[in-house]
Every structure is written in structure tokens, then in C-alpha cells.
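Below is one structure, written out as C-alpha cells, with a few remarks after it.
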Amino acid sequence: MISFVGAGPGAADLITMRGRDRLAAADIVVWASSLVPEALLAHAEPGSTIYDSASMTLEDVLRVYEAAPGAAIVRLHSGDPSVYGAIQEQIDWCRRAGREFEIVPGISSMSAAAAAVGRELTIPRVAQSVVLTRLAGRTSASMPPKESVAAFATVGATMAVFLSAALPQQLQDELLGAGSAYSVDTPAAIVVRASWPDERVVPTTVGRLAADLLATGAKTTVLVLVGPALAGVAPRSRLYAPDYAHKFRRRSHPGTTTGRPA
């Protein structure tokens, strides 16, 4: 079995229990030292074979899989492996090679960043969608033409921008491009190394984003959150309103706020 395990955003105790158990049972662990803290390896057995994928190509990793057909292998990816995890090409290989595999979800750095900022990303009547995206940058060939930051900025939803801290001015310019629903005063937050011991949170606005990103000095392991949901008091949610009924609760009696089982 090859287990593609989400290591979570960084903190060693933010890996899932299933991910921890897969590490503990692994004969071989392939991990990226540039993205995953070494503390996560404490969950692995001392006798397991460890490969650092930071200097490995896809072919190098696949040769490890190919050479150990009977081993329990963990490929430890940062965050959640389904988001910018480059796992699909490995899954395709597993299917061609007839190798059994599984995906163990992880906590995304987006979730850790929202927790660090102390905000809900979906606020009634403010933002009900979250866009996960990035600037094209060096890998512009992989970016579909309709999926630019500028294109998503026209929606005005909460945006989580990955892998873009090295291009601060381009990021700000695209967020404020023609037709954007954001303004220079739209709230934003820069979260550097979310959940790591040296985590930093910089509250800012779209108009100050480029300068504040430059000031952090960080170019990797940075997530930028943008949107009106990042500031202000939230309107009351209907879900727990006394006059709102659903499958599990009836409306409260007139003049009370006590819920009634359905």
C-alpha cells in the first residue's frame, strides 16, 4: 500500500490520527524537508527508511515505490495532498503499475491560516464562497487561462492565495485589476508558516499588500487571505435563529428563544 498522507500545515499535532497511524506503520517514508517539519517524523517507527524528496524528481520517487512492491509506504505531503500536492501523477503511476494506494486527507494551510487570523471565511451576506488559487509565476504553463487571480477577483468572494509571496506587486495588481470587486481598503491577511512555531500573522489591506508582503521577507510557506469576511462583525446566521426551523429543530414558541426538537 502507498499512502499519500496530508501532514497538515506544520504543527506536528495537526496531522490526523489516521495519518499518524499510517506513519507509525510505514516501512518507508518519503517526505519533503522543505515543506514538512522534521517533527512529523517522530510519528514514524525508528527503523523505517526515510527519503527526503526535496532533491528528488518524480522519477526518483517512483523508483522508490517500484523497488519496494511489498512495503507499506507513506508519501508525506504538506497540508492536504489534494491541493497543490502533485499527487495525481503518482496516482496515475499506481494505477498503471497495479499498486494499491490511498489518500489520507490533511488539514490545509488555508484552515490553519483562518484559525491564526481568528476569522470565519464564509460570513452570511458577506461571503459564501472561498476561492483557492495562486499566481501563475514560474509555472504559468499549468495555469488555465480563465483561472487568473484577476479573474477570480471580479467575484469578490474570500480568496486564499497560495504560492505567490515572491510576486507581491503582481498579486496586488491582479487583485485590483479592471472589474475587481475588491478595493484598496478590502481586508487581507498575510500568514507566514501557519501553525509552525515561528508563525507570523500580518493584518493588512489589498492596497498595502505588496509593501507588507515585502516587509515580511518571506517568499515561501506564505498564504494570503483576501476578502470582506476578514473584518467586521458578522450578521446573525439563520441556522440558529429561534424562528428558523430545520430537520432537527422546530421554531421556538412565540416570545421564547428555546429550541424545540423536531
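The alpha carbons of the chain stretch over 67, 51, 36 Å along the principal axes, in descending order. Computed from the Cβ-Cβ distance with R0 of 22 Å, the FRET efficiency linking D92 to V130 stands at 0.20.
Each Lys or Arg adds one and each Asp or Glu takes one away; over the other residues whose Cβ falls under 10 Å from the Cβ of G259, this sums to +4. Just so you know, the Rg over Rh for the stretch 1-56 is 0.91, from Cα atoms, with Rh as the Kirkwood radius.
Compared with the dominant Cα axis of the chain, that is its longest principal axis, helix 88-97 is turned about 40°.
Restricting to the chain, what percent of DSSP beta bridges are antiparallel, rounded to 5? For the chain, the DSSP antiparallel bridge percentage is about 45.
If one computes P(r) from the Cα atoms of the stretch 1-144, what percent of pairs lie at distances over 23 Å? It works out to 39 percent of all Cα pairs. The local environment of R250, defined by Cβ-Cβ distances under 11 Å, has a net charge of +3 under the rule Lys, Arg +1 and Asp, Glu -1.
Here the 3J(HN,Hα) profile of the stretch 246-259, calculated from phi with Karplus coefficients 6.51, -1.76 and 1.60 at θ = phi - 60°, is 8, 4, 10, 8, 8, 4, 5, 4, x, x, 10, 10, 8, x Hz, Gly and Pro shown as x.
Take S82: with every protein chain present and a 1.4 Å probe, its accessible area is about 90 Å². Over all directions, the projected convex hull of the C-alpha atoms in the stretch 198-262 averages 7.7 nm² in area. For the stretch 50-68 versus the stretch 184-258, the inter-centroid distance based on Cα atoms is 39 Å.
With a 1.4 Å probe and every protein chain left in place, work out the accessible area per residue of the chain in Å², rounded to a whole number. It amounts to 52 Å² per residue over the chain.
Rounded to the nearest whole Hz, the Karplus-based 3J(HN,Hα) values (6.51 cos²θ - 1.76 cosθ + 1.60, θ = phi - 60°) of the stretch 2-14 follow the sequence 10, 10, 8, 10, x, 7, x, x, x, 4, 4, 8, 9, with x at glycine and proline. To put it simply, the accessible area of the chain at a 1.4 Å probe is 55 percent carbon and sulfur.
On a per residue basis, the convex hull of the C-alpha atoms belonging to the stretch 84-176 measures out at 141 Å³.
The values are calculated or read from the model by the stated rules, or taken from the named source; none is laboratory data. As the structure is a prediction and not an experimental result, all values here were calculated from the model. Here the Cβ is made from the backbone with ideal geometry for all residues, glycine too, and neighbour counts use every protein chain on show. Surface areas here come from the heavy atoms of the whole protein model, side chains and all, with no ligands, DNA or RNA. Shrake-Rupley method; radii C 1.70, N 1.55, O 1.52, S 1.80 Å.
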